[in-house]
Amino acid sequence: MYGDVNISGAKNAAVAIIPATLLVDGKCVLENVPNISDVKISCNILEKLGAKIEWLSEHSISVDTSHISSTTAPFDMTSKFRASYYLIGSLLSRCGEAEVGLPGGCNLGARPIDQHIKGFEALGADVNVSQGKISAKADRLVGTSIYMDTVSVGATINVMLASVLAEGTTTIDNAAKEPHVVDVANFLNTMGADIRGAGTDVIKITGVEKLKGDATYSIVPDQIEAGTFMLAAIASKGDITIHNCIPKHLDCLTAKILEIGGHVEEGDDSLRIWCDSRPTKTNVKTAPYPGFPTDLQPQIGVVLSVADGTSIINEGIWESRFQYTAELNKMGANITAQGKTAVFEGVDFLSGAPVYASDLRAGAALIIAGIIANGKTELYNLGHIDRGYENIEEKFRKLGANIKRVKE
Ligand code: UD1
């Protein structure tokens, strides 16, 4: 694959910042919003709660949360994606109560939310989980120290949301450091919050009386989408320049790409990635940021399935993230996955086959596999991919891939 590709705004930042607008008593404008189905559902849910949302352009929305008429999020909508849990922190903070269906999202094994609940309770909320929904209520939320038992992006952001308007100071220890954690903090600070330390493992939030709104915020570029195209360049032995990205967010992947024989040239907000030989074997262990992102694990799995030699991937975050390997094996790969470890015996080439996307990133990986395979690949379950990638087939087509959507 050859050419240039523009990266959209980050899905995982957008799906947190949209519910975070509930903390603003007024109007704000979000730019660089990715046009993906998880964003559309987030917007629809906010509208059901009383917010007014207007698309100002393809990637810009105005959100007016002056009037919130309900604290119950429609369960059929919240079950469609994972980030619906951010409605709990946001509604609790703004209205003192929230009722939200248990979140859905990719099936990656158990996805507990005990650390979110622990945080809300520490701030003074009563939290109940029953009949598939979470209810939280608090007369007042009071800042405190919270030590996360595990590094969790969702729990870090949710506790941040719940504590922005609380009395006094909240400290989150062992916080997640992902770029979207920083982005949510930057958004809230732009609206008048007092959050320090986002991007380190200690975040301090001093409660303020209200967030003022009337500001514009641009969402950070999607690190995972950028990484997906970087790995597509390596898998296809191509030469791709990625625009609108933050190279620093991809340091870990850049190092891996250099290690397996690829080349990377960094610009201010661009990366050129190319590869002129067969990638070599390596081992990968996924870990919280700045470690190797679990959300790029299936995509590097495709590269390693055709690399020279035997590679091992250790999944350090999710219980069940190797479902895509069975699909790659249908295409001629030689992968043995057991529990959180998979062994990739590199094969010379993949061959097209009908395959199924088990989740969002698995779907992106199988697109890369289909592009580099000999013959035709049919990919099913595109709904998973549309949740998180904007115009993915068009972006790949522009890079020279022979790909088309046959049916919605
Ligand atoms: C977010 C991302 C997801 C990514 C993941 C890890 C969003 C919407 N999704 O998911 O794409 O794969 O980060 O980078 O941003 N855990 C607990 N208790 C909790 C919360 C989490 O034990 O209360 C565990 C999880 O089981 C997992 C680990 O902590 O093993 C990390 O999970 P977390 O960072 O919370 O993932 P999500 O926020 O759900």
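Please state the shape class of the range 312-408: rounded when a/c is under 1.5, otherwise prolate if a/b exceeds b/c and oblate if not, all from the C-alpha gyration tensor. The shape class here is oblate.
Within the listed set His116, His263, His180, the Gaussian network model of the chain (springs between alpha-carbon atoms below 10 Å) gives the highest mean-square fluctuation for His263. Counting only C-alpha contacts under 8 Å and six or more residues apart, can you give the relative contact order of the range 246-289 as a whole percent? Averaging sequence separation for qualifying contacts and normalising by length gives 34 percent for the range 246-289. Using C-alpha pairs under 8 Å with a sequence gap of at least 6, the mean separation divided by the residue count of the range 223-398 gives a relative contact order of 17 percent. Could you tell me whether the range 9-218 comes out rounded, prolate or oblate from its Cα gyration tensor? Rule is a ≥ b ≥ c as square roots of the eigenvalues, rounded for a/c under 1.5, then prolate if a/b exceeds b/c, otherwise oblate. Rounded, since a/c falls under 1.5. Of all aspartates and glutamates in the structure, the ones whose alpha carbon falls short of 12 Å from that of Lys210, not counting any fewer than 8 places away in one chain, are Asp25, Glu167, Asp194. The alpha carbon gyration tensor of the range 223-398 gives principal lengths a ≥ b ≥ c with a/c below 1.5, which makes the shape rounded. For Ala353, neighbours were defined as the other residues whose beta-carbon sits under 14 Å from its Cβ, and their charges (Lys and Arg +1, Asp and Glu -1) total 0.
When both bridge partners sit in the range 223-398, DSSP labels roughly 70% of those beta bridges antiparallel.
The order of His249, His59, going from fewest to most other C-beta atoms within 10 Å of their C-beta, is His59, His249. Bridges between two residues of the chain, per DSSP, are antiparallel at a rate of about 65%. From its DSSP helices (H runs of at least four residues, each -39,500 (n - 2.57)), the chain gives a residue-normalised ellipticity at 222 nm of -9500 deg cm²/dmol.
Annotation: the antiparallel percentage among DSSP beta bridges lying fully within the range 332-386 is about 55. Two tests apply to each whole DSSP H helix in the chain, Cα reach of 20 Å or more along its axis and mean Kyte-Doolittle hydropathy of at least 0.0, and none passes both. Pairs from the table (Lys11/Lys395; Lys118/Lys285; Lys204/Lys285; Lys80/Lys404; Lys27/Lys48; Lys11/Lys177) lying more than 20 angstrom apart at Cα are Lys118/Lys285; Lys204/Lys285; Lys80/Lys404.
Comparing Ser311, Ser145, Ser42 in a Gaussian network model of the chain where C-alpha atoms under 10 Å apart are linked, the largest mean-square fluctuation is found at Ser145. If you stretched the chain out fully between Asp194 and Leu56, how much longer would it get, using 0.36 nm times the residue separation minus the C-alpha to C-alpha distance? Stretched out fully, the Asp194 to Leu56 stretch lengthens by 46.8 nm. Taking amide H atoms as placed 1.01 Å from N in the peptide plane, the amide H of Tyr356 lies under 5 Å from those of Tyr380, each 5 or more residues away in sequence or on another chain.
When both the range 370-408 and the range 243-277 are represented by their alpha-carbon centers, they are found 23 Å apart.
Bear in mind that the values in this text are calculations on the coordinates, not laboratory data. The structure displayed is predicted, hence computed values, not measured ones. Here Cβ is always computed from backbone atoms with ideal geometry, including for glycine, and neighbour counts include all displayed protein chains.
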